[in-house]
Amino acid sequence: MVKIYVPIDSTALSLGAERTAKKIMQEAQARGIEITLVRNGSRGLFWLEPLVEVETAQGRVAFGPVQPSDVAGLFDAEFTQAQADQAKAHPLYLGLTDELAWLKKQQRLTFARVGITDPLSLEDYLAHDGYQGLKNALAMSGTDIVKAVTDSGLRGRGGAAFPTGIKWNTVLNAPAEQKYVVCNADEGDSGTYSDRMIMEDDPFVLIEGMTIAGIAVGATQGYIYLRSEYPHALKTLNEAIRKANLAGYLGDNIQGSGHTFHLEVRRAAGAYVCGEETSLLESLEGKRGLVRFKPPLPAIEGLFGKPTIVNNVISLATVPIILDKGAQYYADYGMGRSRGTLPIQLAGNLKQTGLVELAFGATLRELLYDYGGGSASGRPIRAVQVGGPLGAYLPESQFDTPLDYEAFTKIWAVLGHGGIVAFDDSVDMAKMARYAFEFCAVESCGKCTPCRIGSTRGVEVMDKIVLGKNHPQNVQLLRDLSDTMLNGSLCALGGMTPYPVLSALNHFPEDFGLSNKEAAA
Amino acid sequence: MDNTLSHKQHAQIQAHIQAHQHVPGGLMPLLHAIQDDIGYVPETVYPEIAKALALSVAEVHGVVSFYHHFRTHPIGKHVLQICRAESCQSMGSANLEADLKAKLGVDYHQTTADGNVTLLPVYCLGNCGCSPAVMLDDEVYGRMSAEKVADLITEVCHG
Ligand SMILES: NC(=O)c1ccc[n+]([C@@H]2O[C@H](COP(=O)([O-])OP(=O)(O)OC[C@H]3O[C@@H](n4cnc5c(N)ncnc54)[C@H](O)[C@@H]3O)[C@@H](O)[C@H]2O)c1
Ligand SMILES: Cc1cc2nc3c(=O)[nH]c(=O)nc-3n(C[C@H](O)[C@H](O)[C@H](O)COP(=O)(O)O)c2cc1C
Ligand code: SF4
Ligand code: FES
Ligand code: FES
């Protein structure tokens, strides 16, 4: 019986994958062709979604994008025998999925299984190297597990890039009866969706990573703090957790090891600031998401005052492969102090958007043009925002910057969570600067003045600049205000809003009604 | 829209309060459970929540009002969220937003005259690879135009 794959990932669903799947079932039945329909994750080639794959002796063959109206024609072309000449001649035929240039050049470590397996099949997960990391971890001491994570060079993929092993070591060495592992699945950054893809398309890898974290530092309870905008991820995670419990991969006495780890998903409620780790912990405790002063760090006094690991989804989902293949295997990828791979998310005005996992070091230009295929509109790409709404806007002259934490810091930009949003030349950068302030004002937790008041003042100043009132004075005011927010804010919401604002002003002064010379002054 | 709770709704809320009373950090999951069932968090039940969770009414109010997701009044039968964040802006979401507001005859946080659709802003739906994106109830839709959204509303809300 031929196996046909139709993704169940939200992005594929957002383009009609559900209807395509139904139509394939109906058509197969009507024609008396027996098929097994597998709902896999997305391979991450979003311009080809819904991407339908057919299993053959040579490997999986892709067709896409497949709309319900294409399905009858595909059956007419006998696409279920995908290597037949007739199927190959079909306009939606793409060839062997693994040979597609987009996928072939990638280094998929964290995303090794994404799009390949059925997300909720534990059998599939095990058959594709799942739970090998945990198996190794169970034979190691906590100290050795933490050392492996440290040696791998893994740094926090939520954006701040703090070494994960060092954070774990702090929790390991904090004496306490109760410790926690908290997964930050708030994914508030616009232009990013890699956390969502892991949770929807390979949830067991996150569960495995959190379990290893718990065993390493002696934490018996884990929480996944999930943004409320992700209902599909919620369902998938809850079902995967149920299955892991049933199979003895969660709960008491995991795989007969004597270790305990319980896991629960908690829903956020639409506050961007709750992605900030201390605000997140307040929210988990059932309070308003006001940012806490640091220190104490969550690693020392976190959830309910106990030592807590707070890590991003991608950081945690990368732990299993490190424990499976070894720290060195992971550290061998990358450049400089940015070791391993980064799941990059291409978004915005690009012809080809989707997920690209690569070793650190590729340039922005490669991502935008080789992978992205240039702008979707066909107009020149003028500005690119990297690292979410608190990330800087980069002009064309910076497109050769390699994706590396330090290289980005050097040009006053941030790599963050790896989201890349492209804008064509119709963008008005003054509007984008105004929007950055507006967003900060909407999302500010209100605890400190530079952010709470500064963001609203920023919107007003931008309005005046756009109207051309008292130009030089207002631009100076904009700079002063940004300076106050940069230096005086308690957290990075207020503290980094000047990144998009000042980068827009400095790289695109003409949009603020300034000549280059005036802007430099 | 009617703001008084039926007996059934009140019983549902009671059951949720009991279930979350002893859950660590149980207030957020409790508020979600109530809003999932009733459609909003009625202010009239704050005292009961406060009592069960050993909080003050002001604290309950503080939490509900802090989070964009929670609302204290009934809304339309369906919720349409339009993404306002950067990726969607780069693909023309500002026009989509303006066209939809005009088509539906409402601004953000308002409900259409027939009580069918409440319009809300949202900052990223994690569908930035297919901007502009909208979410209708629990489903996200990509590469949208005002016409496509109007068709969706007809299909989902009047179908
Ligand atoms: N992913 C998203 O959706 C998103 C959204 C907004 C911002 N961000 C990112 O968040 C970043 C800021 O985050 P932050 O304020 O948490 O950064 P931070 O530098 O304060 O902390 C980074 C992490 O390291 C930990 N840490 C620091 N020193 C430590 C030590 N000595 N021992 C143990 N742990 C230690 C912190 O507790 C935290 O978990 C920004 O750079 C931005 O890119 C991400
Ligand atoms: C305003 C703000 C929002 C944040 N949102 C997120 C988020 O949505 N997801 C995330 O993983 N980290 C977010 N962070 C970073 C977290 O505070 C923290 O650094 C991270 O969860 C640590 O995990 P990591 O070391 O694995 O990256 C945010 C920070 C700030 C200041
Ligand atoms: S910078 Fe803004 S969000 Fe952060 S603590 Fe201050 S007021 Fe709250
Ligand atoms: S009140 Fe927080 S910085 Fe002034
Ligand atoms: S920016 Fe609109 S879905 Fe992410």
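The values are calculated or read from the model by the stated rules, or taken from the named source; none is laboratory data. Source: prediction; values computed, not measured. Don't worry about glycine lacking a Cβ; one is built from the backbone with ideal geometry, like all the others, and counts go over all protein chains shown.
The table below lists the values:
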{"read-out": "Where a residue in segment B:132-151 is more than 11 Å from every other protein chain (Cβ to nearest Cβ) and its partner, wherever it lies, is not in a loop (DSSP other than H, G, I, E, B), with Cβ under 7 Å and at least six apart", "value": "B:SER145/B:LEU96; B:ALA146/B:LEU96; B:ALA146/B:ASP99; B:ALA146/B:LEU100; B:ALA146/B:LYS103; B:VAL149/B:LEU100; B:VAL149/B:VAL134; B:ALA150/B:LYS103"}
{"read-out": "Flag if A:ALA430 is touching a residue at least 60 places away in the same chain (Cβ under 8 Å), more than 23 Å from A:PHE408 (Cβ to Cβ) and among the aliphatic types (A, V, I, L, M)", "value": "yes"}
{"read-out": "Options B:ALA54, B:ALA94, B:ALA33; residue that is in a loop (DSSP other than H, G, I, E, B) and either away from ligand 1 (no atom under 16 Å from the Cβ) or in the same structural domain as B:LEU136 (by TED's automatic domain parsing) (or both)", "value": "B:ALA54"}
{"read-out": "Failed item in (1) within 14 Å of another protein chain (Cβ to nearest Cβ); (2) touching a Gly at 6+ places or on another chain (Cβ under 6 Å); (3) more than 13 Å from ligand 1 (Cβ to nearest atom), with A:ALA216 passing the rest", "value": "(1)"}
{"read-out": "Segment A:486-495 - residue that is aliphatic (A, V, I, L, M) and touching a residue at least 40 places away in the same chain (Cβ under 8 Å) and, of those, farthest from ligand 3 (Cβ to nearest atom)", "value": "A:ALA492"}
{"read-out": "Close pairs (6 angstrom Cβ cut-off, 6 or more residues apart or separate chains): more than 14 Å from chain B (Cβ to nearest Cβ) in segment A:174-189, in a strand (DSSP E or B) anywhere", "value": "A:VAL181/A:GLY222; A:VAL181/A:ILE309; A:CYS183/A:ILE224; A:ASN184/A:VAL310; A:ASN184/A:ASN312"}
{"read-out": "Residue in segment B:80-103 that is nearest to A:PRO380 (Cα to Cα), counting only those that are away from ligand 5 (no atom under 16 Å from the Cβ) and touching a residue at least 24 places away in the same chain (Cβ under 8 Å)", "value": "B:ASP99"}
{"read-out": "B:ALA54 vs. criteria on the phi < 0 side of the Ramachandran plot and either of a type in the set (A, V, I, L, M) or crowded, with 19+ Cβ neighbours inside 10 Å (or both)", "value": "no"}
{"read-out": "Looking only at segment A:394-451, and only at residues there that are of a type in the set (Asp, Glu) and either within 12 Å of ligand 2 (Cβ to nearest atom) or farther than 20 Å from A:GLU510 by Cα (or both), the one that is nearest to the chain's Cα centre (by Cα)", "value": "A:ASP404"}
{"read-out": "Filtered residues of segment A:36-74 (kept if outside any loop (DSSP other than H, G, I, E, B) and surrounded by fewer than 17 Cβ atoms within 10 Å (Cβ to Cβ))", "value": "A:THR36, A:LEU37, A:GLY59, A:SER69, A:ALA72, A:GLY73"}
{"read-out": "Of residues in segment B:57-79 being free of Cβ contacts under 8 Å to residues at least 24 places away in the same chain and among the hydrophobic types (A, V, I, L, M, F, W, C), the one surrounded by the fewest Cβ atoms within 10 Å (Cβ to Cβ)", "value": "B:ALA58"}
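Yes/no per residue for (1) of a type outside the set (Ser, Thr, Tyr); (2) within 16 Å of ligand 4 (Cβ to nearest atom):
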site: A:LYS431; (1), (2): yes, no
site: A:GLU438; (1), (2): yes, no
site: A:ILE453; (1), (2): yes, yes
site: A:SER482; (1), (2): no, yes
site: A:MET485; (1), (2): yes, yes
site: A:ALA504; (1), (2): yes, no
